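Enquirer: The structure that follows is given in the form of structure tokens.
The values are calculated or read from the model by the stated rules, or taken from the named source; none is laboratory data. A quick note: this is a predicted structure, and the numbers were derived from the prediction, not measured. Here the Cβ is made from the backbone with ideal geometry for all residues, glycine too, and neighbour counts use every protein chain on show.
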Amino acid sequence: MAQSNAYEKLYKLYNDKKYFKFISELKSEQTNLTEEQKNAFNAFYYNLINKGAESEKCIDKVMHSSSGALHDSLKKDLYSISVINNVYLGDYGKSIDRTKILLKDYHQFIKEKDKDDYENSLIIWNSLGDIGKQEVVKTGDSKINMKRDLAGLYNIPVTYNSETHDFVFDTGANFSTITETYAKKLNLIFSDGKIKVDAITGKKIDAKIAYAKSFFIGNMEIKNTVFLVLPDEDLSFAGGMYKISGIIGLPVIAEMGELIISKEGELTIPLKASESEINNFLLDGFTPIVEVDYKNNPMCFTFDTGAKMTLLYSPFFEEYKAEITSQYTIEDIGFGGAGGDVKVPGYYLKDVELKVSDDIMLISKVSLLCVPVKDNEELMYGNLGQDFISRFDYMTINFKSMSVNFK
């Protein structure tokens, strides 16, 4: 019974995306789990802390186990994270195989609204089969002066075929992205794959897939980078006054290892990432997650350096509903993204104090959305934006030690 209780508790924490609590409980519940359960939950753990090879070893042990005691819904989750592991590891063939297994044998455990995502991802992995692993090759430390654009987002100089272009630098972008005009201008290599991308407005955007064999950022060569190619108008805002040519997204940024960003926009990427004892940073697929404390209540926030403002999501509202509704009046909250602008019901909260690691910041005005706009908002408590980040002199993001801290 103890094993069953531990298993059910851990699996619920994982499915509810209470990831930091899941990791804490997993360490204390090891003796109450079967060997097969340990391997399954350790696969989840290693996937979250960006150790795909270790996660795959645990998954292989589960799949070759003869007991067959684990429920098919958990096996579906293992195949799902295996897809992600192998994308980061550059084994797109294995990602294709795992995705096909999911769609054929575990389709009953995939939510209807998620099936398009699995089918889209299969198109992407199929189109990448022969390009090789994406990797960042460093020849030394890099010091890069980024500059803010009209929207206040950091832009980073990208050198491609001896020409330098400014691209948005955005941990919140699941994939690097580029406009169709710029993809053709830079002679990116287009694949046959075409997918539908969900825009913030709810509409579907037609996207193509292309890749760059090589480009340079600082003292780094970035090889085999995948780009989603969007129509120009879907990366154009304010009636064309603000246009984005391209975005360097999470898969490239994570390969850089450690990033130190100053308030003035100087980006330092050491040749070798440092060690850190702080463990407040995770990867949920292609979404970075940071542990944020509010009133001694640690929560999972998405971590988006491309977001100007911090946003709070519906789980935050549900947890503090009585407090919020007694102090504030509901109104329409407007914000924008790829595909246009949208308004949803919510609240403007005043003087919200948030803490990351030991670093505390009071934000005078924070938007709270009462309904999820995107799928990854359903169980996250918020998204940490530049109104928090830019108040500190330095931010360090470490994808090796999996930590974020400010000073």
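Enquirer: What tally of residues in segment 396-407 results from selecting those that are under 20 Å from the mean Cα position of the chain (by Cα), modelled with pLDDT under 95 and either crowded, with 20+ Cβ neighbours inside 10 Å or not aromatic (Phe, Trp, Tyr) (or both)?
Expert: The number of residues fulfilling the criteria is 1.
Enquirer: Out of the residues in segment 19-28 meeting the condition of being of a type in the set (D, E, K, R) and at pLDDT 95 or above, tell me which one is surrounded by the most Cβ atoms within 10 Å (Cβ to Cβ).
Expert: So the residue we want is Lys21.
Enquirer: What are the residues in segment 132-173 that are buried (at least 17 other Cβ atoms within 10 Å of the Cβ) and assigned to a loop (DSSP other than H, G, I, E, B), if any?
Expert: Correct list: Gln134, Met146, Leu153, Asp170, Thr171, Gly172, Ala173.
Enquirer: Of the residues in segment 77-108, how many are within 27 Å of Val252 (Cα to Cα) and either touching a residue at least 24 places away in the same chain (Cβ under 8 Å) or acidic (Asp, Glu) (or both)?
Expert: 21
Enquirer: Would you confirm, using the coordinates I've provided, whether Tyr88 is closer than 17 Å to Asp284 by Cα, in contact with a strand residue (DSSP E or B) (Cβ under 9 Å, 6 or more places away or on another chain) and not polar (S, T, N, Q)?
Expert: It is true that Tyr88 is closer than 17 Å to Asp284 by Cα, in contact with a strand residue (DSSP E or B) (Cβ under 9 Å, 6 or more places away or on another chain) and not polar (S, T, N, Q).
Enquirer: In segment 307-366, which residues are β-branched (Val, Ile, Thr), in a helix (DSSP H, G or I) and buried (at least 19 other Cβ atoms within 10 Å of the Cβ)?
Expert: Ile324
Enquirer: Could I ask something else about it? Just to be sure, is Ser162 within 28 Å of Glu264 (Cβ to Cβ) and touching a strand residue (DSSP E or B) at 6+ places or on another chain (Cβ under 8 Å)?
Expert: Against the criterion (within 28 Å of Glu264 (Cβ to Cβ) and touching a strand residue (DSSP E or B) at 6+ places or on another chain (Cβ under 8 Å)), Ser162 does not qualify.
Enquirer: Another question, if that's okay. Filter segment 199-257 for residues that are β-branched (Val, Ile, Thr), outside any loop (DSSP other than H, G, I, E, B) and closer than 14 Å to Val158 by Cβ and give the result.
Expert: Answer for segment 199-257, where residues must be β-branched (Val, Ile, Thr), outside any loop (DSSP other than H, G, I, E, B) and closer than 14 Å to Val158 by Cβ: Ile217, Ile222, Thr225, Ile247, Ile248, Val252, Ile253.
Enquirer: Here is a further query. For segment 1-46, what are the residues that are of a type in the set (Phe, Trp, Tyr), closer than 19 Å to Ile84 by Cα and in contact with a Cys (Cβ under 9 Å, 6 or more places away or on another chain)?
Expert: Passing the criteria: Tyr19, Phe41, Phe44, Tyr45, Tyr46.
Enquirer: Give segment 348-407 a look and list any residue that's free of Cβ contacts under 8 Å to residues at least 24 places away in the same chain and either among the basic types (Lys, Arg) or touching a helix residue (DSSP H, G or I) at 6+ places or on another chain (Cβ under 7 Å) (or both), or say none.
Expert: Within segment 348-407, Lys350, Lys365 meet the criteria.
Enquirer: Within the set of pairs 6 or more residues apart or between chains, which connect a residue that is among the acidic types (Asp, Glu) inside segment 143-169 to a residue that is not in a strand (DSSP E or B) with Cβ atoms less than 7 Å apart?
Expert: Listed by first residue and then by second, the contacts come to nothing, as the list is empty.
Enquirer: In segment 239-263, what residues are more than 21 Å from Glu221 (Cα to Cα), in contact (Cβ under 8 Å) with a residue 40 or more places away in the chain and either assigned by TED's automatic domain parsing to the domain that holds Lys18 or not basic (Lys, Arg) (or both)?
Expert: Met241, Tyr242, Ile244, Ser262
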